[in-house]
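Taken together, the values in this text are just the output of simple stated rules run on the coordinates, not laboratory data. Quantities reported herein were computed from a predicted structural model and do not represent experimental measurements. Positions of Cβ are backbone-derived with ideal geometry, glycine not excepted, and every protein chain shown enters the neighbour counts.
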Amino acid sequence: MQTHMRFLPRPLAAAVLLLCLAPVAFFAAEPAPARTAVTAADLLKIRQLGAVALSPDGRQIVYTVKTIVEKPGKPGEYAYQTHLWLAAADGGVEPRQLTQGEAAASAPQWSPDGRRVAFVRNVGEKPQIWILPLADGGEAFALTQLETGAANPRWSPDGRSIAFTSSLTATDVRKALAKAPAASPQPGWPSERANRAAGDTADWFDKTKDAVKPAATTDGSRQEQREWLAQNEADGNPRLITRLAFLGESDLEPQLHFDNLCVIEAHEGAKPVALTPGFRRAQEPAWAPDGQSIAFTTEPDAEHDPDREEESVIESVRPDGTGRTRLLALTGQKLSAPQFSPDGKTLAFLAQDVVKDPGYAQVRVGFKPLAPGATAWLAESFDRSAANLRWSADGQHAYFTAASNGGFPLYRLAPRPGAQAERLTDCDTGVGAFDVSRERLAYVLTQPTDPYEVGAADLLAHSPRVLTSHNSAWLAGRNLSAPERRSLTRPDGTALDVWLIKPAHFDPAKKYPLLVEIHGGPSAMWGPGEATMWHEFQFFAARGYAIAFCNPRGSGGYGHAFERANFQNWGPGPGGDVLAAADLAAREPWVDASRQVVTGGSYGGYLTAWLVTQDHRFKAAAAVRGVYDLATFFGEGNAWRLVPYHFGGYPWQKNIRAILEANSSTTFVDQITTPLLIKHGDTDFRTGIVQSEMLYKALKVLGKPVEYARYPRATHELSRSGEPHQRLDRLVRFEEFFRRFIGEN
């Protein structure tokens, strides 16, 4: 069975209802105020909603709202605040804010009796678990106060305890293991330092007063020299790098961290109990319905460096830390999101092949009956990547979302071999965070007219209703433009989805410049159900641009074969798809084909630069946080595994090097004639920074029109969660740059 959700924002739905019920008026009504265009500053009004949690009785919904607020006494400076809100699932009561202050609140979880909410609050340097008593009133209190922090709270079925994870350094792990003398104080994998043994110096990272340290001098014995060097390393001067995955998002990460699973009684003054001390990570805790065990994901063994291990397994442990057991391991698979069925007889999970088809394999839904001897199976027929797995309260279905054809529909799947996934919502909207109760779904909804609201429906997504107006209230006065879906087929038979967005104040008698937008990824997907680009699209539509975007080969949401079609082909294939989409848009009578500009971020930044080396139709281009020299990307980006995954090898292999160079825009930089704006964040370690400098310097040496915008403190996430002032700057800077070369409308 398949249905399609369609929604009206609350103010609009109310207006329609009043119009239907009102008596006929025999006098002229005052004209409605004219709708205004979306502005760059409207970015500051957008409320981002997430982390939906339904109360056990299905009557209330706790969710998070992230807002941008002006700093007190500092006009023009802004900060983010994230708080918990409460909504009635039937819409009978207006939503209200539950938490206040500057500290962010996230990850809400209802207690089984529905009287309390556990959540994570970022106070100080480390996040901690807090409890908010809703039924009895009163202030929230901190349940944990750990130096290593606490996250991912999960209530026990009886509501007496909470399982959570805490992130430990190797030093923290050794301290924990000191309480278990039988355990080894060193990792089980070989030392990453040539001709050195693990633990051959004191742990100088241990700064406690009672830590005994040996002699450490510059001119003593070899051991004393080693101790002196180790002391410097612990002080971060220098930061010694020996691990493979040493790049974080915004800085170096010389030390490994290990998530430990803990349990704490849910009352003030309780002390946590560590369940999984050691050099293996324990993540994604899930209680068994009988409360006798907690499932989690972890590395297959303690003999391999986690930086070099991509497979994961599902294990369980008792709440007292005993009885650690392996529940499931599938060769070559990364397992995640373990979820016990309500009767405790079946384990649902997600699985992705990381050995035979790394970088392209779809994320499958799987089931493992927990009866002795029963085998697991995967939903192989569902050719999309699943996420956000949840059981229905009756255990008859597992619900999940998956990017598909421009939207993020909600699906459900019966736990039996050969069952087919049912799509419950359409591909013109997006379901973000969601939850399931016995009779109701609750979710965050993205629509072309509204990026984020909370909605509810029955278990088949029938009778949907929007419960909030966090964005629709202010959007009611804005003139918006919705994407229009088109399709085209390339000469090689590749079918593409293309979307066109008309200028907000569209006049069919006029012609408008064309802005071609390219998504990141490369396996990302755009469409009407994707929220992160909502404001950018509306801003440029309001500024009088026709906008075109597509999902070129390599995009997710269209199945494995389509996604793998960019193997060893990041440039020509996807680039040809984007140009074909631009051609389709340029044939519209309201598009001025002589005034085209292009931009994209991350992989989209890569493809923007690639296109202007191969094609000269664009009057200007903005390449954003991209990769431009793939061999260099392997060395400087923390997403470097895309090189072996998508190109089949490494830069030192001559045949692979030739392919990387043939797909790098720096190889053809002398062919660029398009005025180019390059944008990058100073601390963007996902793609790395050097390549943007290489591209800029080459163009300057060649005397080409180029500018380079570098944003201090900015990471790869600048456009989504960066400093609000910088997010505004990038939008206005792009538009100003484009207008220099295409003129005003």
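In percent, how large is the relative contact order of the chain, given Cα pairs closer than 8 Å and 6 or more residues apart?
Relative contact order here is 10 percent.
Could you work out how much longer the chain between Lys213 and Trp474 gets when fully extended? Use 0.36 nm per residue separation minus the Cα distance between them, nm to one decimal. Provide the component values of the computation, followed by the final result.
Details: separation 261, 0.36 × 261 = 93.96 nm, distance 6.17 nm.
Taking 0.36 nm per residue and subtracting the Cα distance, the gain is 87.8 nm.
May I ask for the net charge around Gly188, where only other residues with Cβ less than 11 Å from the Cβ of Gly188 are counted and Lys, Arg are +1 while Asp, Glu are -1?
Residues close to Gly188 contribute a combined charge of -3.
Excluding Gly159 itself, what net charge comes from residues whose Cβ is under 9 Å from its Cβ, given Lys and Arg +1 and Asp and Glu -1?
Cβ neighbours under 9 Å give a net charge of +1.
Hey, for a label at Arg720 modelled as a point 7 Å past Cα toward Cβ, could you say which residues of the stretch 595-628 have their backbone N under 17 Å away?
Correct set: 600-606, 624-627.
So how far, in whole Å, is the C-alpha centre of the stretch 488-517 from the one of the stretch 689-745?
Rounded to whole Å, the Cα centres lie 24 Å apart.
Which ³J(HN,Hα) values, rounded to whole Hz and listed in residue order, are derived for the stretch 191-204 from phi using the Karplus coefficients 6.51, -1.76 and 1.60 in 6.51 cos²θ - 1.76 cosθ + 1.60 with θ = phi - 60°, glycine and proline given as x?
Once θ is set to phi - 60°, the couplings for the stretch 191-204 become 4, 7, 9, 4, 6, 10, 9, 4, x, 7, 10, 5, 7, 6 Hz.
I need the shape label for the stretch 680-744. Rule: rounded when a/c is under 1.5, else prolate if a/b > b/c, else oblate, with a, b, c from the alpha carbon gyration tensor.
Note, shape of the stretch 680-744 comes out oblate.
So for each of 206-216, 523-533 I average, over its residues, the number of other beta carbons within 10 Å; can you give me the resulting order with the highest mean first?
523-533, 206-216
Given 0.36 nm per residue, what is the gain on full extension from Asp290 to Thr322 after removing their alpha carbon distance, in nm? Provide the component values of the computation, followed by the final result.
Details: separation 32, 0.36 × 32 = 11.52 nm, distance 1.61 nm.
That pair, Asp290 and Thr322, stretches by 9.9 nm at full extension.
Give me the distance in nm between label points sitting 7 Å out from Cα along the Cα-to-Cβ direction at Arg465 and Val690, one decimal.
About 5.9 nm, to one decimal.
Which order results if Val365, Val498, Val627 are arranged by neighbouring Cβ count within 10 Å, fewest first?
With the sparsest Cβ surroundings first, the list reads Val498, Val365, Val627.
Pull out the extension gain between Asn237 and Ser191, defined as 0.36 nm times the separation in residues minus the alpha carbon to alpha carbon distance; nm, one decimal.
Net length gain for the segment: 14.4 nm.
From the Cα gyration tensor of the stretch 457-569, with a ≥ b ≥ c the square roots of its eigenvalues, which class applies: rounded if a/c is under 1.5, or else prolate if a/b is larger than b/c, or else oblate?
Note, shape of the stretch 457-569 comes out oblate.
So what is the 222 nm mean residue ellipticity for the chain from helices alone, if each DSSP H run of at least 4 adds -39500 (n - 2.57) and you divide by all residues, rounding to the nearest 500 deg cm²/dmol? Intermediate values should be presented prior to the final figure.
Values: 14 runs with 134 residues, N = 745.
So the helix-based figure for the chain works out to -5000 deg cm²/dmol.
Using a 10 Å cut-off on Cβ atoms, rank the peptides 335-345, 66-76 from the highest mean neighbour count down.
Result, highest mean first: 335-345, 66-76.
Using only the alpha carbons, work out the radius of gyration and Dmax of the chain in angstrom.
Answer for the chain, Rg first and Dmax second: 27.2, 102 Å.
Report the net charge of residues surrounding Trp391, where surrounding means a beta-carbon distance below 13 angstrom and charges are Lys +1, Arg +1, Asp -1, Glu -1.
+1
Please state the shape class of the stretch 193-241: rounded when a/c is under 1.5, otherwise prolate if a/b exceeds b/c and oblate if not, all from the C-alpha gyration tensor.
rounded
Please state the relative contact order of the stretch 479-742 as a whole percent: Cα pairs under 8 Å, 6+ residues apart?
Computed value for the stretch 479-742: 16 percent relative contact order.
Which order do the peptides 137-146, 662-671, 170-179 take when ranked by the mean count of other beta-carbon atoms within 10 Å per residue, highest first?
Top of the packing list down: 662-671, 170-179, 137-146.
Which pairs, out of Lys126/Lys271; Lys126/Lys209; Lys74/Lys126; Lys179/Lys209; Lys66/Lys510; Lys66/Lys207, put more than 29 Å between their alpha-carbon atoms?
In this structure, Lys66/Lys510; Lys66/Lys207 lie more than 29 Å apart at Cα.
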